[in-house]
Amino acid sequence: MRGADLLVSYLKQEGITTVFGYPGGAIMPVYDALYDGGLKHVLCRHEQGAAFSALGYARASGQVGVCIATSGPGATNLITGLADAYMDSVPIVAITGQVASPVIGTDAFQEMDVLGLSLACTKHSFMVTDKNELASVLQQAFSIAKSGRPGPVLVDIPKDIQLAEVEAALTVSSKDTIAEFDPALMASAKELLSQAKQPILYVGGGVGMAGAVSQLQDFVDETGIPSVTTLKGIGAIPNTKPYALGMLGMHGTKAANLCVHECDLLVVIGARFDDRVTGRLESFAANARVLHLDIDPAEINKLRQSDVSLCGDLRDMLPALSMTMSITQWQTYCRDLKEEYKWNYDAPYRSIYAPKLLNQLSEKLPDNAVVSCDVGQHQMWVAQHMNFTRPENHLSSSGLGTMGFGLPAGIGARHARGRQDPIVVVSGDGSFMMNVQELGTIKREQLNVKIVLIDNQRLGMVRQWQQLFFEERYSETILTDNPDFVTLASAFNIQARTITMQADVQPALDEMLNSNGAFLLHVRINEADNVWPLVPPGASNADMMEKV
Amino acid sequence: MSLPHQQLKLIVNQSPEVLERILRVARHRGFKIELLDWNNQAGELLLTVSSSRALNLLKTQLTKLVDVKEVIDLNE
């Protein structure tokens, strides 16, 4: 068989059923092998769309996502998606074609040093230089992507190697075993926990990535410790739990930020002290001791010194750490703050209030729905006002904050999940235009994806900051010249309608959710609506702004 | 005031890009390379760095590189 055939048969052996990509010159042998190779290939309309679809597929399924692109521009277009996956620890394998080995380094047509480009935005990367190593490289790529702290891996394959005669691959990748936690450190951790009077769990994306949601919920049920989550941790603890205080950080809930500010022990579970979480680092949980649990030793003491740290598998560590605790007074205090600062949807005006709309949407969606959002104000409103019971149901570009993520990630999720799981993309008018070409993928594949497009005719988050911190100098954030989104959708045979009044919301949401196939709900909102509360840049999380 | 120099010894896989990977991590994480002694045949790199940041931040990040087999702190 050819190297290209080996790749396709290897992917099938790995259990991969769907790949996302875009053909081109240096990847033609692989596309020839895909032609009748028995693998579902989704033609995205830009390589960045393919990368984000693979990412959405991986996030929504817990499996490795695969994307394919040609050399040069095909590969450079993948880079943003790889960077996003790297920041959010998502397992992806990216296959890129490369010009033929003899002309590498001659500035050949569509040649680019993709291995060089990959260094900063992948967990690891390979360029295959020997046809006999292709199978082993693929095996390593999958192992690395899903082992330990997951991440993206790139495999660059020169065209001559795709065409070379090779032996079939017989094995598949395995996941490296996770080193066991140190029992002596666990004893110290338990000691620290047992002394705490006002502990808080700071829950990150690591819980979902480790498949430790049920262990975490058992831990929460036994200890009764109040919890806050990061953007990527959303869904690991449902908001319905009595002491679940919601998201913390820049746009977190006031209750979450105040309780973290006042805690005496911060139990960090699969999280990394991102600046959007901590605000001014020196004042973040300043009086607390820190117990840090993570799979990645490099995250321990990176930004905040821990008193005790444990590296290992959260599925083992959480049950080992669990104990009953007497913290009733603290629980009551946290629950009262949660009640005091709960969201208020009684907007007085007749125009549409996006937080309320998203909350109404959330109440209509079943627990198995996936919401894929873009980046900006609407992303924060989704995080604040929609409820999730599993982390893999909330797809958000968290670490990199990449506009254009939502639509292709939703397409990936559509392929990852069964027909009974609704997929809803929530986007903004700025983000939506960044990968709008993926409407073509929805049309081509006849995908049942619902799109809620929150339109304030602004690059809203930047506009908000210009209003608050740049003296209302609205530089390049006014989009009153947006296209007609309903006409745009109809060009792709996608049903669509526009709503502008609060009274339209309920029937329009019902119409969208009950429609057959794709639907775009274009929601016009007031451009002055801001995301509140807000921790201003450089401030402590305890000093949140609540309005202008 | 100049920052103190600190030495690490790295045992690595001899992949063609391994030096780039190591140097990129050092620069990005805020470490200046003061001296470099590279033995390709042995797959050994002696790295002298300076930084206002704690050396442990660099050690843990270098340890994560797939092509780095061992990071030995010569200052201990």
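The values are calculated or read from the model by the stated rules, or taken from the named source; none is laboratory data. Remember, predicted model here, so these are calculated numbers, not experimental data. As a convention, Cβ positions derive from the backbone with ideal geometry for all residues, glycine included, and neighbour counts pool all protein chains shown.
Can you say whether A:Gly538 is surrounded by fewer than 16 Cβ atoms within 10 Å (Cβ to Cβ), under 18 Å from A:Ser372 (Cβ atoms) and not aromatic (Phe, Trp, Tyr), as far as the supplied structure shows? Judged against the criteria, A:Gly538 is not a match. Of the residues in the stretch A:72-91, at least one is within 18 Å of A:Ala416 (Cα to Cα), among the aliphatic types (A, V, I, L, M) and touching a helix residue (DSSP H, G or I) at 6+ places or on another chain (Cβ under 9 Å).
Conditions (1) crowded, with 24+ Cβ neighbours inside 10 Å; (2) in contact with a strand residue (DSSP E or B) (Cβ under 8 Å, 6 or more places away or on another chain); (3) in contact (Cβ under 8 Å) with a residue 24 or more places away in the chain, marked per residue:
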site: A:Ala184; (1), (2), (3): no, no, no
site: A:Ser194; (1), (2), (3): no, no, yes
site: A:Ile200; (1), (2), (3): yes, yes, yes
site: A:Gly204; (1), (2), (3): yes, yes, yes
site: A:Leu231; (1), (2), (3): yes, yes, yes
site: A:Leu248; (1), (2), (3): yes, yes, yes
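Of the helices (runs of 4 or more DSSP H) entirely within the stretch A:117-205, those holding at least 1 residues that are within 14 Å of chain B (Cβ to nearest Cβ) and under 30 Å from A:Met1 (Cβ atoms) occupy A:134-146. Cβ-Cβ contacts under 8 Å between residues 6 or more apart (or on different chains), taken from a first residue in the stretch A:428-454 that is under 15 Å from A:Gly21 (Cα atoms) to a second residue that is in a strand (DSSP E or B), are listed as A:Thr441/A:Val42; A:Thr441/A:Leu43; A:Arg444/A:Leu43; A:Glu445/A:Val42. Scanning the stretch A:283-295 for residues that are in a strand (DSSP E or B), within 14 Å of chain B (Cβ to nearest Cβ) and either without any contact (Cβ under 8 Å) to a residue 40 or more places away in the chain or of a type in the set (Val, Ile, Thr) (or both) returns a single hit, A:His292.
The test for being out of contact with any Asp or Glu (no Cβ under 9 Å at 6 or more places or on another chain), within 14 Å of chain B (Cβ to nearest Cβ) and in a helix (DSSP H, G or I) holds for A:Ala298.
Scanning the stretch A:28-75 for residues that are closer than 21 Å to A:Gly148 by Cβ and either buried (at least 24 other Cβ atoms within 10 Å of the Cβ) or in contact with a strand residue (DSSP E or B) (Cβ under 9 Å, 6 or more places away or on another chain) (or both) gives A:Ala54, A:Leu55, A:Tyr57, A:Ala58, A:Arg59, A:Val64, A:Gly65, A:Val66.
Of the set (1) among the aliphatic types (A, V, I, L, M); (2) in contact with a helix residue (DSSP H, G or I) (Cβ under 6 Å, 6 or more places away or on another chain); (3) surrounded by fewer than 22 Cβ atoms within 10 Å (Cβ to Cβ), all apply to A:Ile104 but (2). For the stretch A:99-116, a residue qualifies if it is within 14 Å of chain B (Cβ to nearest Cβ) and of a type in the set (S, T, N, Q), and exactly one does: A:Ser101. Of the residues A:Asp336, A:Asp296, A:Asp316, the single one that is modelled with pLDDT of 95 or more, in contact with a Lys or Arg (Cβ under 6 Å, 6 or more places away or on another chain) and surrounded by fewer than 19 Cβ atoms within 10 Å (Cβ to Cβ) is A:Asp296. In the stretch A:271-282, the residue that is surrounded by the most Cβ atoms within 10 Å (Cβ to Cβ) out of those that are assigned to a loop (DSSP other than H, G, I, E, B) and in contact with a Lys or Arg (Cβ under 9 Å, 6 or more places away or on another chain) is A:Ala271. In the set A:Ala85, A:Ala120, only one residue is under 28 Å from A:Ser396 (Cα atoms) and in contact with a Gly (Cβ under 9 Å, 6 or more places away or on another chain); that residue is A:Ala85. If the condition is being within 31 Å of the chain's Cα centre (by Cα) and among the acidic types (Asp, Glu), then the stretch A:162-183 contributes A:Asp176, A:Glu180, A:Asp182.
Checking every residue in the stretch A:497-506 against the condition of being within 30 Å of A:Leu43 (Cβ to Cβ) and among the basic types (Lys, Arg) gives at least one match.
Being surrounded by 15 or more Cβ atoms within 10 Å (Cβ to Cβ) and of a type in the set (Gly, Ala, Ser) holds for only one residue in B:Ser52, B:Ser2, B:Ser15, and it is B:Ser15. The one condition from (1) in contact (Cβ under 8 Å) with a residue 40 or more places away in the chain; (2) touching a His at 6+ places or on another chain (Cβ under 8 Å); (3) surrounded by fewer than 19 Cβ atoms within 10 Å (Cβ to Cβ); (4) among the β-branched types (Val, Ile, Thr) that A:Thr498 does not meet is (1).
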